[in-house]
Amino acid sequence: MKYQLRPEDLGFLERAPFRRTCTRDLRAPADAVFDQLAAHPEIWPRWFAPANDVHYEGPPPYGVGTVRFFRLYHLIRAREQIITWEPGKRFAYRAHETNAPGVTALMEQWTLTPTTDAMTNLSWTLAIDSKPPIHLLLRAGQRHIDQLFRKAMQRLEGLCNRS
């Protein structure tokens, strides 16, 4: 891939120029949600519509340091490195290379908080640093990001309950 992104630590989630956090309560236990998010990346296209191909590179076991390949909208490709893997609690990764110009750093974090044995509050944070045109597109597209999240969470909840 042509573009290398700047490595960042978890503090980037708080200091990124563009941040978006979405939260939803899911009728599913935290372990089942984490399993769909982290343990089985190949399932992502079933619940996150823009994803076409998501898989880990290399053999299991997977966890911190594992590289994940991600393709969106059949066009955008990225390699991400897992930086936090806490089953049932938290999953975070940063993109380290992509084929799309304009993004200079990107990180995502999923935080799972069980509210009952069968309910989980799921919070997703997207943190990005980018060149000005991309930054403007992100700001303008915040409603679209929120809508993608809502729809994805409906499908994710359904998959968690079928497992």
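The values are calculated or read from the model by the stated rules, or taken from the named source; none is laboratory data. It should be emphasised that the depicted structure is a prediction, and the values quoted were computed from it without experimental measurement. Please note: Cβ atoms are built from the backbone with ideal geometry, for glycine as well, and neighbour counts cover all protein chains shown. Each accessible area value is taken on the protein alone, full model and side chains, heavy atoms only, with ligands, DNA and RNA left out. Shrake-Rupley method; radii C 1.70, N 1.55, O 1.52, S 1.80 Å.
Considering only the stretch 2-23, I want to know if a residue exists there that is at pLDDT below 95 and surrounded by fewer than 16 Cβ atoms within 10 Å (Cβ to Cβ). Checking the stretch 2-23: at least one residue is at pLDDT below 95 and surrounded by fewer than 16 Cβ atoms within 10 Å (Cβ to Cβ). Among residues of the stretch 54-66 that are over 15 Å from PRO87 (Cα atoms) and modelled with pLDDT of 95 or more, none has a Cβ under 6 angstrom from a residue that is assigned to a loop (DSSP other than H, G, I, E, B) and of a type in the set (Lys, Arg) at a sequence gap of 6+ or on a separate chain.
Yes/no per residue for (1) open to solvent by 60 Å² or more (accessible area, probe 1.4 Å); (2) of a type in the set (Lys, Arg); (3) touching a Phe, Trp or Tyr at 6+ places or on another chain (Cβ under 7 Å):
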position: TRP47; (1), (2), (3): no, no, no
position: GLU57; (1), (2), (3): yes, no, yes
position: GLY63; (1), (2), (3): no, no, yes
position: ALA78; (1), (2), (3): no, no, yes
position: GLN81; (1), (2), (3): no, no, yes
position: TRP85; (1), (2), (3): no, no, yes
position: GLU97; (1), (2), (3): no, no, yes
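Results for (1) among the hydrophobic types (A, V, I, L, M, F, W, C); (2) at positive phi; (3) open to solvent by 90 Å² or more (accessible area, probe 1.4 Å); (4) in a helix (DSSP H, G or I), shown as yes or no for each residue.
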position: GLU108; (1), (2), (3), (4): no, no, no, no
position: THR111; (1), (2), (3), (4): no, no, no, no
position: PRO114; (1), (2), (3), (4): no, no, no, no
position: LEU126; (1), (2), (3), (4): yes, no, no, no
position: PRO133; (1), (2), (3), (4): no, no, no, yes
position: LEU137; (1), (2), (3), (4): yes, no, yes, yes
position: LEU148; (1), (2), (3), (4): yes, no, no, yes
position: ALA152; (1), (2), (3), (4): yes, no, no, yes
position: GLU157; (1), (2), (3), (4): no, no, no, yes
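Assessment of the stretch 37-54 against the conditions (in a strand (DSSP E or B) and farther than 25 Å from ASN121 by Cα) yields at least one matching residue. Every test in (1) over 13 Å from the mean Cα position of the chain (by Cα); (2) more than 17 Å from LEU5 (Cβ to Cβ); (3) in a strand (DSSP E or B) is passed by LEU122 save one, and that test is (1).
Would you confirm, using the coordinates I've provided, whether HIS144 is of a type outside the set (Lys, Arg), closer than 19 Å to CYS22 by Cβ and open to solvent by 40 Å² or more (accessible area, probe 1.4 Å)? For HIS144, the condition - of a type outside the set (Lys, Arg), closer than 19 Å to CYS22 by Cβ and open to solvent by 40 Å² or more (accessible area, probe 1.4 Å) - is met.
Among what's in the stretch 27-42 and is within 19 Å of ALA95 (Cα to Cα) and touching a residue at least 12 places away in the same chain (Cβ under 8 Å), pick the residue that is surrounded by the most Cβ atoms within 10 Å (Cβ to Cβ). Per the criteria, the residue is ALA38. Inspect the stretch 12-25 for any residue being touching an Asp or Glu at 6+ places or on another chain (Cβ under 9 Å) and among the hydroxyl-bearing types (Ser, Thr, Tyr) and give the result as yes or no. Looking for residues that are touching an Asp or Glu at 6+ places or on another chain (Cβ under 9 Å) and among the hydroxyl-bearing types (Ser, Thr, Tyr), one finds none in the stretch 12-25, hence no. One residue stands out among those in the stretch 65-76 that are in a strand (DSSP E or B) and among the β-branched types (Val, Ile, Thr): the one that is least open to solvent (accessible area, probe 1.4 Å), which is VAL67.
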